[in-house]
Amino acid sequence: MWLEQLREVYENDALAREQGMSPEQRLHFHQVRERPRMKDLEAWFKKQFAEAEGGAPANSGLGEAILYMQKYWDKLTLFLRQAGAPLDNKSSSER
């Protein structure tokens, strides 16, 4: 579920770049298209540890990935708040 959501974020960013959007236009594009997706994803992460049964144990691979995402959530979602911010530290903000 969550990998599919992130894949769509990256695909939409590639689409925005292909269309030649400026950093400000991409910011607005992501705010409209990705903010709801990222809010849902954040809620799903939190739910995984809140559920008594069926949630991801913190020491599982999925649990570790979720903990990482939660720990760095503000940095990982900077692209929703700052024009030109890359999606990750391997992405250039201005390709």
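Shown is the FRET efficiency for Phe29 and Glu4, computed with R0 = 25 Å from the Cβ-Cβ distance and rounded to the nearest 0.05: 0.80. Checking [x] 73; [y] 305; [z] 89 against the coordinates, the calculated volume of the Cα convex hull per residue in Å³ falls under label [z]. Comparing Glu64, Glu42, Glu34 in a Gaussian network model of the chain (Cα springs below 10 Å), the most mobile by mean-square fluctuation is Glu64. FRET efficiency for the Glu11 to Phe49 pair, using the beta carbon distance and R₀ = 22 Å, is estimated at 0.20. From its DSSP helices (H runs of at least four residues, each -39,500 (n - 2.57)), the chain gives a residue-normalised ellipticity at 222 nm of -19000 deg cm²/dmol.
Solvent-accessible surface of the chain, taken per residue with a 1.4 Å probe and all protein chains present: 65 Å².
The angle separating the long axis of helix 2-18 from the principal Cα axis of greatest extent in the chain is about 0 degrees. On the accessible surface of the chain, probed at 1.4 Å, how many percent belong to carbon and sulfur atoms? The value for the chain is 52 percent carbon and sulfur by accessible area.
The values are calculated or read from the model by the stated rules, or taken from the named source; none is laboratory data. These figures come from a predicted structure and were not determined experimentally. Positions of Cβ are backbone-derived with ideal geometry, glycine not excepted, and every protein chain shown enters the neighbour counts. The area values use the complete protein model at the heavy-atom level, side chains included, leaving out ligands, DNA and RNA. Shrake-Rupley method; radii C 1.70, N 1.55, O 1.52, S 1.80 Å.
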